[in-house]
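Take a look at the structure below.
The values are calculated or read from the model by the stated rules, or taken from the named source; none is laboratory data. All values derive from a computational prediction rather than experimental measurement. Cβ atoms come from the backbone with ideal geometry, glycine included; neighbour counts cover every protein chain shown.
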Ligand SMILES: [Mg+2]
């Protein structure tokens, strides 16, 4: 196999274009509504979850998994990513910029000095200078990361 699949460092922009070309060539744009893409994404998250279902906790790197299992995992992770990229594109959201912005917001929500080594949600972080409602109003977020 040659082409984009053999390259390292593929960008979200390249994946976005690939998905747009893929859909256009098949006349599938008419099916790619935000709702349909979201439901397809959720379905793929389910397929990804099935891979881990009933296995219990598994060690990082999946050292005991067969190559076929890792290949399958890579395929399902890719399905999730590709639908996410396509959904973002169809909704007019620059996913790369949105993700970088979200990391910045999370850094504000979870300051290293208060959160290092803790798994507490930001609403349970105590500080003497900022209240939880101030944190929420400052970063505009109201849920989990
Ligand atoms: Mg799949």
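Scan segment 46-79 residue by residue and report those that are touching a helix residue (DSSP H, G or I) at 6+ places or on another chain (Cβ under 6 Å) and within 30 Å of residue 92 (Cβ to Cβ).
Answer for segment 46-79, where residues must be touching a helix residue (DSSP H, G or I) at 6+ places or on another chain (Cβ under 6 Å) and within 30 Å of residue 92 (Cβ to Cβ): 47, 48, 76, 79.
For segment 47-73, which positions are more than 14 Å from the chain's Cα centre (by Cα) and within 24 Å of residue 28 (Cβ to Cβ)?
Hit for segment 47-73 is 47, nothing else.
Determine, yes or no, whether residue 119 is more than 16 Å from the ligand (Cβ to nearest atom) and out of contact with any helix residue (DSSP H, G or I) (no Cβ under 7 Å at 6 or more places or on another chain).
yes
Pairs needed: first member in segment 65-79, within 13 Å of residue 44 (Cβ to Cβ); second member anywhere, away from the ligand (no atom under 14 Å from the Cβ) and modelled with pLDDT of 95 or more; C-beta distance under 8 Å; at least 6 residues apart or different chains.
If the second residue must be away from the ligand (no atom under 14 Å from the Cβ) and modelled with pLDDT of 95 or more, the pairs left are 73/62; 73/65.
Pick out, from segment 27-109, the helices (runs of 4 or more DSSP H) lying fully within it that include 2 or more residues that are within 16 Å of the ligand (Cβ to nearest atom) and more than 19 Å from residue 14 (Cβ to Cβ).
Hits in segment 27-109: 34-52, 67-90.
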